[in-house]
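Data block below; observations after.
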Amino acid sequence: MNPNIYVPYIAEITDIKQETGDTRTYDVRIKNRDEAKLFVSRPGQFVEASVFGAGEAPFGLTTSPKEPGVMTFTVRACGKVTNALAELKKGDEIGIKGPLGNSFLDKIDSKGKDILVIGGGIWLPPLRSMIDHIFNNRSDYREFTILYGARTPADRVYKYQLSDWEKKTDLKLIQTVDVADKDWTGNVGVVTTLFPKLKLDIPNTVVYTCGPPIMIKFVIIELLKLGLPEKQIVSTLERYMKCGVGKCGHCCIGNKYVCTDGPVFDYTEIKGLAEEAF
Amino acid sequence: MPEKTVYSLAKAQVPELIAKLLKSRNEVWAPVKGEGGDTFLAQIDSAKQIAPEYVNGFLGAKRYVFPQLEELFRFKKGKNGTTLETEFDQPRAVIWGIRPCDMSAVNYFDSFFGQGAKSGPGWKSGDPLPDPLYEKRRERAVFITLACNQAGPKCFCVCTDSGPFLSKGFDIQLTDLGTYYLVEVGSPKGGEFVKEFKTLFGTGNENDMKLRRKLETEAEKTFQQPVSFFAKAMRKLDGGKVDQKFWEKVAGYCIGCGGCIYVCPMCSCFDVDDKMESDTEGLRYRAWDTCDFAGFTREVSGHNPRASRADRRKRWFYHKLSMDYLEKNPVIGCVGCGRCVVTCPGEVDMATVVRWMRKVE
Ligand SMILES: Cc1cc2nc3c(=O)[nH]c(=O)nc-3n(C[C@H](O)[C@H](O)[C@H](O)COP(=O)(O)OP(=O)(O)OC[C@H]3O[C@@H](n4cnc5c(N)ncnc54)[C@H](O)[C@@H]3O)c2cc1C
Ligand code: SF4
Ligand code: SF4
Ligand code: FES
């Protein structure tokens, strides 16, 4: 990262994909070669992306990086910075600060374990960096299951990828929506309604989850009921962030800074904080 | 430890020293009296402006080390892309006559802004993430504190180990001995300062140090705000004895003005935003912000993890008093300056709430 923690690198948008009505995926490359070399991310990390004049906001990186200085993130337009990002086109410049935060890999070593990924809505992108990592090192892991829930079929991101994943033999993807449309043949109901369909090897399963606070809350309750050890429940947390580097105070939960202690936590770190984490 | 070198400075020499500083430094800051009678730290252009007698004023040293509004960088959008201007000249400064509590708060800021958690590759766990703006400003300033021979009516630094005299953490500490100050040097920077103006400083002696120790003991007896219950209050807080009802009671008196936080020399939270100054040029700045405001944590979805004022009040006291935080940085988040006691319209300041907390069953 840049030695001045507040200063972003100048980066270029190299591609944009429309995911849903308000959500787009951006491929981004840091322009200066020497600076690009400094940017090597790990799954779970995030960046602060700037639209100069509108400000900066945090976004989870969605791929396991193939080369330094290159990244992908998915953004839902819903406020000042995200709406400004939605106005941009291929070739436009933005600022990138990062990579920031810790990684899924900093938590429990899940090699040789069954992997269960549970994502909700727009919260699938940060998990995809870990999913990517698992695919890249598939033989290190055993059973691999992804549960993905969204409000409606149209709200799902990465639809092109989801249909690829469905065809894979070394991955079981189960999707669910709160409200179906006429073409939906899958499950209807919140993501925890999928749990009874799973045959879990409880002591040997590591769960990675990310979703809206209410989803994480119920997912964890159900996992604990099933007897999953606390260390094996790994979740990313989200808080309104300003600086991303542990100074502005916005992202604190209890004594944890989501931006620098997280965004990835295991359940032993989340429970018993002075404030509810979700 | 080698015996501390002490000097003396006649009060009559102060105007000359300040005049010299105004020539050799870019900025001199000192406590001044405003029109309404309040004291505050401000940039001066003559020794005449320095308030001779004062309790630590509103907006102390925080105003200098962590300005309320500060540019982080500038940007310019041109035909060949965006360029950033990230280097600012940081003036050389002397901060004159701040109180020990404020100096203690700066020392805490040093560890907070100067260090911080790690992030990113190449950063090993525990490596510092220093704030470059803070560090530079701090490096280029000499801090001269004035020990308190008499505590202010709302002060309780004696309970937080941050006054009324300091034994370390300053560049220079002055003690008022009537017609002159005893000058203690607390850092190499302080030593160089005395050397630079050696014609104005006299030698100090062991008698002056004896007198200083006596004054310190006497000053410790002048506190009127009885808040020596921190340890007990903290034990109750961490022991889970302070429940939601307690915070609802505190919140019932709080009008959410954020005043306690803006005046607190230990509060460091800020907001970040951009401002355009023309079609092509603008800047990113930070500005003081507080965990007391609902918007501080409200997410774009509308979800707010700290929606109630009780939750936000709890947050403020928790951050300052909980052992969880002390593990991160081993000082409590209060230096007993008493500013929140003076400021809070609802009288639910640190002193009051600590007293209430100590009494919970
Ligand atoms: C670690 C992390 C990773 C993230 N990853 C992603 C990601 O991959 N993709 C993604 O799309 N998002 C992600 N987010 C969320 C994203 O950062 C926010 O959506 C974004 O910061 C919004 O910024 P903005 O400037 O557009 O919104 P702003 O204009 O800053 O709006 C946010 C603020 O405006 C106010 N506000 C706006 N609307 C309302 C309302 N309806 N009710 C009340 N107050 C309101 C609130 O103060 C709110 O906090 C992530 C967040 C974190 C912390
Ligand atoms: S909490 Fe109150 S008394 Fe303590 S340092 Fe802050 S303003 Fe001063
Ligand atoms: S000064 Fe008093 S009323 Fe204002 S926010 Fe602080 S506690 Fe509340
Ligand atoms: S986002 Fe500023 S401290 Fe975490």
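Could you give every pair whose Cβ atoms fall below 8 Å, whose first residue belongs to the stretch B:330-344 and is over 14 Å from B:Gly259 (Cα atoms) and within 14 Å of chain A (Cβ to nearest Cβ), and whose second residue is of a type in the set (A, V, I, L, M) and away from ligand 3 (no atom under 16 Å from the Cβ), counting only separations of at least 6 or pairs across chains?
Sorted first by the residue in the stretch B:330-344, then by its partner, the pairs are B:Ile332/B:Met234; B:Ile332/B:Leu326.
When the residues of the stretch A:73-95 are narrowed to those that are assigned to a strand (DSSP E or B) and more than 20 Å from A:Gly120 (Cβ to Cβ), which ends up nearest to the other protein chains (Cβ to nearest Cβ)?
First, the residues of the stretch A:73-95 that are assigned to a strand (DSSP E or B): A:73-76, A:93-95.
Keeping just the survivors that are more than 20 Å from A:Gly120 (Cβ to Cβ) gives A:93-95.
Values: A:Glu93: 5, A:Ile94: 9, A:Gly95: 8 Å.
If we take residues in the stretch A:73-95 being assigned to a strand (DSSP E or B) and more than 20 Å from A:Gly120 (Cβ to Cβ), then A:Glu93 is nearest to the other protein chains (Cβ to nearest Cβ).
Quick one: in the stretch B:309-322, which of the residues that are open to solvent by 50 Å² or more (accessible area, probe 1.4 Å) and under 19 Å from B:Ser268 (Cα atoms) is farthest from ligand 3 (Cβ to nearest atom)?
Of all residues in the stretch B:309-322, those open to solvent by 50 Å² or more (accessible area, probe 1.4 Å) come to B:309, B:314, B:319.
Remaining after also requiring under 19 Å from B:Ser268 (Cα atoms): B:314, B:319.
On the way: B:Lys314: 12, B:His319: 13 Å.
Applying the filter and picking the extreme gives B:His319.
Criterion first (within 22 Å of B:Pro132 (Cβ to Cβ) and over 19 Å from the mean Cα position of the chain (by Cα)) does B:Phe66 satisfy it?
Working: within 22 Å of B:Pro132 (Cβ to Cβ): yes; over 19 Å from the mean Cα position of the chain (by Cα): no.
The answer is no for B:Phe66.
I'd like to verify a number: residues in the stretch A:121-149 that are out of contact with any Cys (no Cβ under 7 Å at 6 or more places or on another chain) and closer than 30 Å to A:Ile16 by Cβ, how many?
Residues meeting the conditions: 20.
Yes or no, residue by residue, for (1) open to solvent by 30 Å² or more (accessible area, probe 1.4 Å); (2) more than 7 Å from chain A (Cβ to nearest Cβ):
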residue: B:Ile255; (1), (2): yes, yes
residue: B:Cys267; (1), (2): no, yes
residue: B:Asp271; (1), (2): yes, no
residue: B:Asp274; (1), (2): no, no
residue: B:Ser278; (1), (2): yes, yes
residue: B:Leu283; (1), (2): no, yes
residue: B:Thr290; (1), (2): no, yes
residue: B:Val300; (1), (2): yes, no
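Which condition does A:Arg128 not pass, out of (1) charged (D, E, K, R); (2) buried (at least 24 other Cβ atoms within 10 Å of the Cβ); (3) within 12 Å of another protein chain (Cβ to nearest Cβ); (4) under 28 Å from A:Phe195 (Cβ atoms), if it passes all the others?
Result: A:Arg128 passes all but (3).
Could you tell me whether the stretch B:9-27 includes any residue that is under 25 Å from B:Ala151 (Cα atoms) and within 15 Å of the chain's Cα centre (by Cα)?
Looking through the stretch B:9-27, none of the residues is under 25 Å from B:Ala151 (Cα atoms) and within 15 Å of the chain's Cα centre (by Cα).
Within the stretch B:52-66, track down each residue that is assigned to a loop (DSSP other than H, G, I, E, B) and surrounded by 17 or more Cβ atoms within 10 Å (Cβ to Cβ).
Our first condition is that a residue be assigned to a loop (DSSP other than H, G, I, E, B); within the stretch B:52-66, this holds for B:52-57, B:59-61, B:66.
Those that are assigned to a loop (DSSP other than H, G, I, E, B) and surrounded by 17 or more Cβ atoms within 10 Å (Cβ to Cβ): B:Tyr54, B:Val55, B:Asn56, B:Gly57, B:Leu59, B:Gly60, B:Ala61, B:Phe66.
Name the single residue, out of those in the stretch A:160-194 being in contact with a helix residue (DSSP H, G or I) (Cβ under 8 Å, 6 or more places away or on another chain) and over 18 Å from A:Leu124 (Cβ atoms), that is surrounded by the fewest Cβ atoms within 10 Å (Cβ to Cβ).
For the stretch A:160-194, the residue satisfying everything is A:Asp183.
Name the single residue that is surrounded by the most Cβ atoms within 10 Å (Cβ to Cβ) among those in the stretch B:220-253 being within 16 Å of ligand 2 (Cβ to nearest atom) and in a loop (DSSP other than H, G, I, E, B).
Restricting to residues being within 16 Å of ligand 2 (Cβ to nearest atom) and in a loop (DSSP other than H, G, I, E, B), the top hit is B:Val227.
Does the stretch B:241-257 include one or more residues that are within 16 Å of ligand 1 (Cβ to nearest atom), without any contact (Cβ under 8 Å) to a residue 40 or more places away in the chain and within 29 Å of A:Ala54 (Cα to Cα)?
First pass over the stretch B:241-257, keeping only residues within 16 Å of ligand 1 (Cβ to nearest atom): B:256.
In the following step, the residues that additionally are without any contact (Cβ under 8 Å) to a residue 40 or more places away in the chain were identified as none.
No, every residue in the stretch B:241-257 fails to be within 16 Å of ligand 1 (Cβ to nearest atom), without any contact (Cβ under 8 Å) to a residue 40 or more places away in the chain and within 29 Å of A:Ala54 (Cα to Cα).
If you check B:Glu327 against the conditions, is it more than 14 Å from ligand 2 (Cβ to nearest atom), within 9 Å of chain A (Cβ to nearest Cβ) and modelled with pLDDT under 90?
Taking the combined requirement at face value, the residue satisfies it.
Could you list, in sequence order, all residues of the stretch B:332-361 that are more than 11 Å from ligand 2 (Cβ to nearest atom) and either surrounded by 23 or more Cβ atoms within 10 Å (Cβ to Cβ) or under 21 Å from B:Gly60 (Cβ atoms) (or both)?
Answer for the stretch B:332-361, where residues must be more than 11 Å from ligand 2 (Cβ to nearest atom) and either surrounded by 23 or more Cβ atoms within 10 Å (Cβ to Cβ) or under 21 Å from B:Gly60 (Cβ atoms) (or both): just B:Pro345.
Could you please find all residues in the stretch A:2-26 being farther than 18 Å from A:Val81 by Cβ and open to solvent by 20 Å² or more (accessible area, probe 1.4 Å)? Reasoning before the result, please.
Kept after step one, since they are farther than 18 Å from A:Val81 by Cβ, are these residues of the stretch A:2-26: A:2-5, A:14-15, A:17-18, A:20-21.
Selection gives A:Asn2, A:Pro3, A:Asn4, A:Thr14, A:Asp15, A:Lys17, A:Gln18, A:Gly21.
State whether one or more residues within the stretch B:239-260 are touching a Cys at 6+ places or on another chain (Cβ under 6 Å) and within 16 Å of ligand 4 (Cβ to nearest atom).
Filtering the stretch B:239-260 down to residues touching a Cys at 6+ places or on another chain (Cβ under 6 Å) leaves B:260.
Those still in the list that are within 16 Å of ligand 4 (Cβ to nearest atom) too: none.
Within the stretch B:239-260, not a single residue is touching a Cys at 6+ places or on another chain (Cβ under 6 Å) and within 16 Å of ligand 4 (Cβ to nearest atom).
Conditions (1) open to solvent by less than 10 Å² (accessible area, probe 1.4 Å); (2) assigned to a loop (DSSP other than H, G, I, E, B); (3) among the hydrophobic types (A, V, I, L, M, F, W, C), marked per residue:
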residue	(1), (2), (3)
B:Ser162	yes, yes, no
B:Lys168	no, yes, no
B:Leu174	yes, no, yes
B:Val183	yes, no, yes
B:Lys195	no, no, no
B:Met209	no, no, yes
B:Glu218	no, no, no
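Given the criteria within 16 Å of ligand 3 (Cβ to nearest atom), of a type in the set (Lys, Arg) and more than 11 Å from every other protein chain (Cβ to nearest Cβ), does B:Arg306 qualify?
Working: within 16 Å of ligand 3 (Cβ to nearest atom): yes; of a type in the set (Lys, Arg): yes; more than 11 Å from every other protein chain (Cβ to nearest Cβ): no.
For B:Arg306, the condition - within 16 Å of ligand 3 (Cβ to nearest atom), of a type in the set (Lys, Arg) and more than 11 Å from every other protein chain (Cβ to nearest Cβ) - is not met.
Do the conditions hold for B:Val263, that is, is it away from every other protein chain (no Cβ under 12 Å), β-branched (Val, Ile, Thr), closer than 28 Å to B:Asp131 by Cβ and open to solvent by 40 Å² or more (accessible area, probe 1.4 Å)? Steps first, please.
On the way: away from every other protein chain (no Cβ under 12 Å): yes; β-branched (Val, Ile, Thr): yes; closer than 28 Å to B:Asp131 by Cβ: yes; open to solvent by 40 Å² or more (accessible area, probe 1.4 Å): no.
No, not satisfied.
So, of the residues in the stretch A:103-125 that are assigned to a loop (DSSP other than H, G, I, E, B) and open to solvent by less than 10 Å² (accessible area, probe 1.4 Å), which turns out to be nearest to the other protein chains (Cβ to nearest Cβ)? Give the derivation first.
Taking the stretch A:103-125 as the starting set, the residues that turn out to be assigned to a loop (DSSP other than H, G, I, E, B) are A:103, A:107-113.
Keeping just the survivors that are open to solvent by less than 10 Å² (accessible area, probe 1.4 Å) gives A:103, A:110.
Working: A:Ser103: 10, A:Ser110: 20 Å.
Ranking the candidates gives A:Ser103 first.
For the stretch B:71-108, give me the residue count where each residue is assigned to a strand (DSSP E or B), open to solvent by 30 Å² or more (accessible area, probe 1.4 Å) and of a type in the set (Ser, Thr, Tyr). Walk me through how you get there before you give the answer.
Of all residues in the stretch B:71-108, those assigned to a strand (DSSP E or B) come to B:71-78, B:81-85, B:93-98.
Going one step further and asking which of them are open to solvent by 30 Å² or more (accessible area, probe 1.4 Å), we end up with B:71, B:74, B:76-78, B:83-85.
With of a type in the set (Ser, Thr, Tyr) added as a condition, the list becomes B:83.
Qualifying residue count, the stretch B:71-108: 1.
Quick test of your reading of the structure: A:Val40 fulfils all but one of (1) open to solvent by 10 Å² or more (accessible area, probe 1.4 Å); (2) without any contact (Cβ under 8 Å) to a residue 40 or more places away in the chain. Name the failing condition by number.
Looking at each condition in turn, A:Val40 falls short on (2).
List pairs: first residue in the stretch B:288-313 and basic (Lys, Arg), second residue open to solvent by less than 50 Å² (accessible area, probe 1.4 Å) and more than 13 Å from ligand 3 (Cβ to nearest atom) anywhere in the structure, Cβ distance under 8 angstrom, at least six positions apart or on different chains.
Pairs that qualify, where the first residue is basic (Lys, Arg) and the partner is open to solvent by less than 50 Å² (accessible area, probe 1.4 Å) and more than 13 Å from ligand 3 (Cβ to nearest atom), are B:Arg298/B:Asn304; B:Arg306/A:Glu275; B:Arg306/B:Thr297; B:Arg312/B:Arg306.
Can you give me the number of residues within the stretch B:148-175 that are touching a Leu at 6+ places or on another chain (Cβ under 7 Å) and at pLDDT 95 or above?
Step one: list which residues in the stretch B:148-175 are touching a Leu at 6+ places or on another chain (Cβ under 7 Å), which gives B:149, B:173-175.
So of that shortlist, the ones also at pLDDT 95 or above come out as B:173-175.
Going through the stretch B:148-175 one residue at a time, the tally reaches 3.
What about B:Arg312, is it within 13 Å of chain A (Cβ to nearest Cβ), within 16 Å of ligand 4 (Cβ to nearest atom) and more than 30 Å from B:Tyr54 (Cβ to Cβ)? Spell out the reasoning first.
Values: within 13 Å of chain A (Cβ to nearest Cβ): yes; within 16 Å of ligand 4 (Cβ to nearest atom): no; more than 30 Å from B:Tyr54 (Cβ to Cβ): yes.
So B:Arg312 does not fit the description; no.
Would you be able to tell me the number of residues in the stretch A:64-95 that are touching a helix residue (DSSP H, G or I) at 6+ places or on another chain (Cβ under 9 Å) and either within 16 Å of ligand 4 (Cβ to nearest atom) or on the phi > 0 side of the Ramachandran plot (or both)?
The number of residues fulfilling the criteria is 1.
From the list A:Tyr257, A:Tyr240, A:Tyr208, exactly one residue is aromatic (Phe, Trp, Tyr) and open to solvent by less than 10 Å² (accessible area, probe 1.4 Å). Which is it?
Details: A:Tyr257 fails: open to solvent by less than 10 Å² (accessible area, probe 1.4 Å); A:Tyr240 fails: open to solvent by less than 10 Å² (accessible area, probe 1.4 Å).
When all the criteria are applied, what remains is A:Tyr208.
The values are calculated or read from the model by the stated rules, or taken from the named source; none is laboratory data. Predicted, not measured: the structure shown is a model, and the values here were computed from it. As a convention, Cβ positions derive from the backbone with ideal geometry for all residues, glycine included, and neighbour counts pool all protein chains shown. Protein only, heavy atoms only, side chains kept; ligands, DNA and RNA dropped before computing areas. Shrake-Rupley method; radii C 1.70, N 1.55, O 1.52, S 1.80 Å.
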